[in-house]
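So the structure is just underneath, and the comments pick up after that.
The values are calculated or read from the model by the stated rules, or taken from the named source; none is laboratory data. Every value quoted in this text rests on a predicted model; they were computed, and no experiment measured them. Heads up, the Cβs are rebuilt from the backbone with ideal geometry, glycines too, and the neighbour counts pull from every protein chain shown. The protein model used for the area step is the full one, side chains on, heavy atoms only, and it has no ligands, DNA or RNA in it. Shrake-Rupley method; radii C 1.70, N 1.55, O 1.52, S 1.80 Å.
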Amino acid sequence: MVNFDHPDSVFMAVTAQRRVFSFADFTLDLRARELRRNGIRLKLPGQPFAVLAMLLAHPGEVVTREELRAHLWQKETFVDFDHSLNVAINKLRETLCDSAEQPRFIETIPRTGYRFIGPVTEPAAEENGKEREEDSIGVAKKEETGTRTVLRRRRWVVVAAAVIAPALVLAGYLHFRRAPKLTDKDTIALADFANTTGDPVFDDTLRQGLVVQLEQSPFLNLISDDRIQQVLKLMAKPADARLTPDVTREICERTASAAVLDGSVANLGSQYVLMLRAKDCRTGDILDEEQVQVAKKEDVLNALSQIASGFRTRVGESLATIKSHDKPLAEATTPSLEALKAYSEGWQVSFSSGSAASVPFFKRAIDIDPKFPSAYAALGRMYGDIGESALSAKNIGKAYELRDRASDQERFFISLNYDLQVTGNLEKARQNCNLWMQVYPRAWMPHALLSGGVYPQLGKYEKSVEEARIAIGLDPDFSIGYSLLAASYRALERTGEEETILQRATERKLDIPDFHVQRYVIAFLKGDKTGMDREAAQPQDKPGVDDWMYNAEGFVSAYSGHLEEARKMSQLATNLARNEKRRDTQALYETDAGVREALFGNVSMARRRAAEALELSKSRDVEYGAAFARALSGDSSHSQVLIDDLSKRFPEGTVVQVTYLPALRALLALQRGQPANAVEMLQTAIPYEGGTQSDGGSEFLLGAGNLYPAYVRGLAYLAAHQGAEAVAEFEKIVDHGGIVACDPIGALARLQLGRASAMSGDRSKATSAYNDFLALWKYADPDIPILKEAKAEYAKLQ
């Protein structure tokens with residue numbers, strides 16, 4: 001083995017004639033025993049270092065395996081040597097980002113040895129003199145930090161402009177020779193950049209750019225903006241408070257994070273200087289400091305990418321992951337500072353004023369750069385938050401077209417949302433989630449999307465619970481995670497645990513519209529009128545809850561047969577959505593009302609509400625609901641048009657293909673007097689019909705559309721005079737109140753159960769079921785067609 005400390009070492013004899021070798025952007029310094037890239041020290045163990053030194057001592061020449069063994073592995077056996085040399089060469093290539101197949105530096109000569117094929121130079125004598133002068137002053141400063149000593153050393157490295165970009169000059173990195181490392185379990189709080197240039201284009205923009213750069217890392221873990229907002233609230237600071245180093249350090253301490261990362265941008269004559277500094281948030285010790293000088297504003301994004309990469313290297317991330325996940329910022333977002341600024345402002349506004357208020361900013365980012373995929377993805381997310389699923393899908397689709405211009409994390413997010421919202425392919429979405437988690441083990445988003453977007457639609461609520469728990473564990477202030485976990489508990493009839501998890505969210509000072517609707521539904525399921533009234537009163541001082549709550553009240557009113565009251569509540573919800581120009585949400589409210597009218601037997605009203613919904617939106621769920629209302633009310637021709645459109649638009653859509661279309665086609669078969677065909681068509685829905693029929697919003701929380709295939713199958717068995725089979729279908733609905741929640745089929749299933757029991761000859765069970773239904777509808781509006789039928793049928797049983 002090489003003895004680097006022994007003056008008579010063979011290795012030192014071989015390389016004594018030259019102390020410093022330079023190639024590409026690397027420098028090997030034998031005296032300091034360091035390999036650097038653009039001034040940044042790289043970690044390279046002794047054996048690979050020695051091999052590189054020997055190859056550099058003979059550039060362009062073949063160094064045989066025997067020569068390497070004779071000089072560097074004198075005490076190794078042949079077997080040990082072969083293994084050790086292979087390991088050393090592989091490590092060397094990994095560090096130099098080189099390839100055996102297409103080598104830039106180290107060429108393999110089969111069965112012989114290796115040759116260094118890159119140009120090698122030695123720094124000029126004047127530079128060597130300066131370097132010796134630096135070495136003579138040694139360590140600039142030595143500080144005691146607890147039980148360890150941190151050595152600081154200033155070294156400025158000038159790199160040719162072509163290294164970064166044609167107009168970008170790296171003026172230097174200020175760093176430490178033995179900087180403390182972070183671990184993959186540490187989290188980092190990121191402060192705002194201090195901008196002293198007077199140019200507002202840098203405000204918030206550089207922080208957002210750095211977020212994108214650092215979130216490419218599977219090793220680093222930034223505190224999420226959601227969590228920062230929650231901590232600011234606990235600190236009694238506004239949502240748009242500036243994240244100064246002091247404020248961010250307090251956030252760092254409150255979240256038990258490891259480091260604060262802050263930066264600055266300043267003028268130096270006509271040039272710009274960017275600085276990035278990492279500090280231990282408990283001790284204040286500086287962990288790393290990077291500085292770059294650039295010639296003009298257009299080069300700032302490239303410089304930001306450069307210092308982010310340097311930071312990742314210095315704090316302990318492996319070169320392999322940096323190489324794999326380090327797309328330059330201009331390629332990972334946009335080359336336009338103005339577009340990135342609008343994008344950054346959009347996120348800021350979303351936190352301070354809500355999703356709807358952020359929409360114009362993301363639109364502006366897209367106007368500036370129409371090829372900015374992250375802006376389309378963000379706009380799609382905001383539209384999704386406010387219930388505009390059609391606009392959300394449209395923008396996610398555009399982001400998907402441009403996804404190659406996004407970072408790896410963003411590309412996962414875009415692809416996954418494309419699967420959920422555009423194609424509806426849940427199996428592909430699940431696979432993408434798993435791949436995302438493999439690459440980024442600490443990312444909470446794939447767990448959240450599995451919990452809210454994939455598993456509930458498949459009826460796999462236990463898995464949804466598991467994923468929601470993981471998401472909350474990764475980000476304890478992820479408010480929607482609590483909502484998803486609570487909803488899955490309810491679907492599993494674990495209402496007590498649902499209440500507990502919502503209480504946990506309250507204790508963490510988390511508050512979103514979903515929670516109020518969920519508490520309202522819990523109170524409904526428990527028959528707690530006081531609790532329902534309490535939650536229904538919340539919209540007065542909770543922006544964003546009003547229309548959701550009005551729609552929920554409409555469902556509950558319809559459940560007990562108060563149809564006029566239900567119409568009133570639905571109209572209030574519709575009006576609010578219309579006033580806010582949320583056409584898709586307005587259409588969904590119209591669709592809910594249309595299905596309700598069809599279930600109750602109001603044929604003309606059902607058709608009218610369905611038509612009004614379709615004038616507003618052609619989204620997946622609106623078309624399904626409108627087709628269902630029309631098919632149930634006997635409008636087969638218009639329903640068939642919608643069925644054909646859904647089939648054409650969503651050939652991969654899991655829910656469309658296995659539940660929506662079978663239920664709709666079965667209804668048409670019933671209209672044609674073919675109940676056996678209807679039952680056959682619904683076979684594919686059986687494994688999935690317990691899943692939610694909506695991927696978000698109040699429809700998801702209210703149980704709207706859930707177990708509809710079972711309801712239609714029950715109608716088919718009734719039409720086929722198979723009473724016992726019909727009983728089993730309607731009992732599915734009665735026994736799963738947590739899944740059905742407020743949807744009126746929960747009440748109507750009791751009536752249908754009475755009909756099925758009477759058909760099967762079980763008079764006692766039929767009477768009990770009719771009694772249950774009529775008790776629920778004791779004060780119902782008397783002119784509802786299905787209520788009139790129920791009363792007449794019950795009278796015949798007496």
Expressed as a percent, the portion of alpha-carbon pairs in region 338-387 spaced more than 15 Å apart is 30
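Return one whole number: the accessible area per residue of the chain in Å², for a 1.4 Å probe.
Working: 32940 Å² over 798 residues.
Normalised by residue count, the accessible surface of the chain is 41 Å².
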Rounded to whole Å, √(5λ) for the Cα gyration tensor eigenvalues of region 245-398, largest first, gives 30, 21, 16
Cα-based Rg and Dmax for region 569-701, in Å, come out at 14.4, 46
Of the candidates Q503, S617, L599, the farthest towards the positive dipole end of the chain (Lys/Arg Cβ +1, Asp/Glu Cβ -1, centred on the Cα centre) is Q503
Cβ-Cβ cut-off under 10 Å around L261, Lys and Arg +1, Asp and Glu -1: the net charge is +1
Between E34 and residues 5 or more places away or on another chain, the pairs with built amide H atoms under 5 Å apart involve D29
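Could you check how much of the accessible area of region 279-396 is carbon and sulfur, as a whole percent, using a 1.4 Å probe?
Numbers: 2070 of 4060 Å².
Here it works out to 51 percent.
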Rounded to the nearest whole number, the per residue volume of the convex hull around the C-alpha atoms of region 360-456 in Å³ is 92
The correct pair for region 302-360, radius of gyration to one decimal and Dmax as a whole number, both in Å and from Cα atoms, is 15.0, 41
Once amide hydrogens are built 1.01 Å from N within the peptide plane, the residues lying 5 or more places from N425 or on another chain with amide H under 5 Å from its amide H are T654
Each label sits 7 Å from Cα toward the beta-carbon; between T506 and A32 the label points are separated, in nm, by 6.0
Mean projected area, convex hull of alpha-carbon positions in the chain, reported to one decimal in nm², is 40.2
Here the cysteines of the chain without any disulfide-compatible Cβ partner under 4.7 Å are C97, C433, C742
For the chain, the longest principal axis of the Cα atoms and the Cα long axis of helix 479-491 enclose an angle in degrees, to the nearest 10, of 40
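Can you send over the carbon and sulfur percentage of the accessible area for region 607-748, probe radius 1.4 Å, protein chains only? Could the numbers behind the result be given before it?
Details: 2390 of 4630 Å².
The value for region 607-748 is 52 percent carbon and sulfur by accessible area.
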For region 534-624, averaging the sequence separation of alpha carbon pairs under 8 Å that lie six or more residues apart and dividing by its residue count, the contact order in percent is 20
Going through K43/K91; K398/K618; K297/K341; K463/K509; K181/K341; K237/K509 one by one, the pairs whose alpha carbons sit over 22 Å apart turn out to be K463/K509; K181/K341
For K791, counting only lysines whose alpha-carbon sits under 19 Å away and dropping same-chain residues fewer than eight positions off, the answer is K765, K778
Tilt, helix 426-439 to longest principal axis of the chain (alpha-carbon atoms), in degrees rounded to tens, equals 30
Scoring only Lys, Arg, Asp and Glu (+1, +1, -1, -1) among other residues with Cβ under 13 Å from the Cβ of E338 yields -4
If one compares the long axis through the Cα atoms of helix 563-579 with the longest principal axis of the Cα atoms of the chain, the angle in degrees, nearest 10, works out at 30
Rounded to whole angstrom, the alpha-carbon centroid of region 417-461 lies from that of region 184-229 at a distance of 26
When the charge dipole of the chain is computed with +1 on Lys and Arg Cβ and -1 on Asp and Glu Cβ about the Cα centre, the Cα farthest towards its positive end, among V51, V120, N575, belongs to V51
About its Cα centre, the chain carries a charge dipole, from +1 on Lys and Arg Cβ atoms and -1 on Asp and Glu Cβ atoms, whose size in debye to the nearest 20 is 460
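Given Cα positions, please report Rg to Rh for region 549-615, the hydrodynamic radius being the Kirkwood one. Show your work: numbers first, answer last.
Numbers: Rg = 11.0 Å, Rh = 11.5 Å.
A ratio of 0.95.
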Among G690, S633, V734, the residue whose Cα sits farthest towards the positive end of the charge dipole of region 602-760, when +1 is placed on the Cβ of each Lys and Arg and -1 on the Cβ of each Asp and Glu, is S633
The Cα extents of region 483-589 along the principal axes, largest first and rounded to whole Å, are 35, 30, 23
Carbon plus sulfur, as percent of the 1.4 Å-probe accessible area of region 469-530, comes to 51
One would report the Cα pair-distance distribution of region 745-798, bin width 10 Å, in %, as 27, 60, 13, 0
Quarter of the surface of the C-alpha convex hull for region 265-316, i.e. direction-averaged projected area in nm², equals 3.8
Net charge near R364 (other residues with Cβ under 11 Å of its Cβ; Lys, Arg +1; Asp, Glu -1) is -2
The equivalent-ellipsoid semi-axes of region 696-798, taken as the square roots of five times the Cα gyration tensor eigenvalues and listed largest first in whole Å, are 22, 17, 11
